[in-house]
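Structure, as structure tokens:
The values are calculated or read from the model by the stated rules, or taken from the named source; none is laboratory data. Since we're looking at a predicted model, the values are computed, not measured. Backbone-built Cβ (ideal geometry, glycine too); neighbour counts: all protein chains shown.
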Ligand code: CUA
């Protein structure tokens, strides 16, 4: 119970642990409603008890009490809450985004395509991880490649749907460095619950360094075992769906793997990223995440599988 409460108030995916102005505004509205609703509940229950045990029950059923408690009070409190909520929503939506870093995020069954839109016409593709600089507004341009998904980073902003044929814009800001977790919040198929992602907020210079690293093509493997993994990766046709920039692999159906070794997780937040999970994923992805678009590649011998996993892990 203690840890549940602790996670609720401090967790990396808790709307009650805001790390930016949008989420802070939403959290304050939540607390106002929670505390206000609690006080009103206590007041009404006390009034009821008073009425039940009072000698003068008739007075409690009088017209004045009904009008005051049943019409005037809810009208005033709910109207005030409505105005407060609308003003708050206006502030959130109106957050300035001119010149903000723009990141296109596309929902896919069941992962997130993430593209840094370069001002120089050079876009940088990654997946399942959104890196942002701290202390400045970031603009996410949201759409979907298939069905409706919904992007929610509870510590940073409210949720916003990704709708076929539509583009939605979410502007938010992270106030302090850290890793925040997001999750798809619209049922989108069998693996909906396994469609998560990380938001990593860095100081500005660290973010610039990260983006520069992501923009580079994949490094050539220097070790024979890893070169063998690269050969197997290319020979098995992985490049039909995945791109590794700097190699012939240029598929666009699945996540860009150019720097997959730098990511914290694989399969959209489903597993930690290491050689073991990578090998397991290649051999048995349908078992690990049913109905995802990648078939099981259970044709490799153990050592081949280890070589491919080592190659992917080397793509930092
Ligand atoms: Cu994507 Cu639920």
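So that you can scan it fast, the table gives a plain yes or no per residue for (1) touching a helix residue (DSSP H, G or I) at 6+ places or on another chain (Cβ under 6 Å); (2) over 30 Å from residue 136 (Cβ atoms); (3) surrounded by 10 or more Cβ atoms within 10 Å (Cβ to Cβ); (4) not assigned by TED's automatic domain parsing to the domain that holds residue 134:
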residue	(1), (2), (3), (4)
20	no, no, yes, yes
36	no, yes, yes, yes
47	no, yes, yes, yes
55	no, yes, no, yes
61	no, yes, no, yes
71	no, yes, yes, yes
74	no, yes, yes, yes
82	no, yes, yes, yes
88	yes, no, yes, yes
Does any residue of segment 104-114 turn out to be away from the ligand (no atom under 16 Å from the Cβ) and either in contact (Cβ under 8 Å) with a residue 24 or more places away in the chain or exposed (fewer than 14 other Cβ atoms within 10 Å of the Cβ) (or both)?
-> yes
For segment 263-304, which residues satisfy the criterion of being in a helix (DSSP H, G or I) and under 18 Å from the mean Cα position of the chain (by Cα)?
-> none
Return the total of residues in segment 128-147 being surrounded by 15 or more Cβ atoms within 10 Å (Cβ to Cβ), touching a strand residue (DSSP E or B) at 6+ places or on another chain (Cβ under 6 Å) and closer than 22 Å to residue 266 by Cα.
-> 9
Does segment 227-247 contain any residue that is under 28 Å from residue 138 (Cβ atoms) and in contact with a helix residue (DSSP H, G or I) (Cβ under 8 Å, 6 or more places away or on another chain)?
-> yes
Being surrounded by fewer than 15 Cβ atoms within 10 Å (Cβ to Cβ) and either touching a strand residue (DSSP E or B) at 6+ places or on another chain (Cβ under 8 Å) or modelled with pLDDT under 95 (or both) is the filter here, so list the residues in segment 258-289 that pass it.
-> 264, 272
Please indicate, with yes or no, whether at least one residue in segment 82-103 is more than 16 Å from the ligand (Cβ to nearest atom), in contact with a strand residue (DSSP E or B) (Cβ under 8 Å, 6 or more places away or on another chain) and at pLDDT 95 or above.
-> yes
